[in-house]
Structures are given as structure tokens and as C-alpha cells.
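Report on one structure; see the data block that follows.
Computed from the coordinates by the stated procedures, all read-outs in this text should not be read as laboratory data. The model shown is predicted, which means the values in this text are computed figures rather than measured ones. Counting neighbours? That spans all protein chains shown, and the Cβs are built from the backbone with ideal geometry, glycine included.
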Amino acid sequence: MPKKVEFEGRKIAPKGHFVVYVGIEMKRFVVPLSFLKNPLFRQLLDKAAEEYGFDNTTRITLPCDEATFHSLIAILSK
């Protein structure tokens, strides 16, 4: 996994990556931008938009548990 970068006291994703938050504990994941091209990941983002709306400007929160997200990452990383 890429290193976390600090910017003005905040953690930001390295170039070519973005941050999502998953699960009840809002665990932070740094994922590559290439995931945005995958239909499975885009469906998850669409579900997040339906569930949470577009008002959340501070973070991308995905509506799934950590175990499901780890499975999705394994599939997308192949």
C-alpha cells in the first residue's frame, strides 16, 4: 500500500490515488485512481451517492463493510 502523505496536518493520498472510508468504524483506504474505470467500483460509488447524496464534501464514504471492501480490492487488483 502506498505511503500516506501529510499536507498541512492532513493525510492526503499519493499522486494517482484517492481516499475512501469504509465500514462502521470508517476505516481509511488509499486506492488507485484506476479503480474508477472498473464497473464494480463505479456501482459502489453510485450506491454511495444514492445512500449519502452529494452533500458530503469532506470524504468519500462507501456503503459496505470492511470484509466486502477487502474482497472487492482483491478482485480489482488482479
Can you report the principal axis dimensions of segment 27-67 using only the alpha carbons, biggest first, rounded to whole angstrom?
24, 21, 20
Cβ-placed point charges (K, R +1; D, E -1), dipole of segment 34-77 about Cα centre in debye, nearest 20:
240
Label point distance in nm, residue 61-residue 33, each placed 7 Å from Cα along Cα→Cβ:
2.6
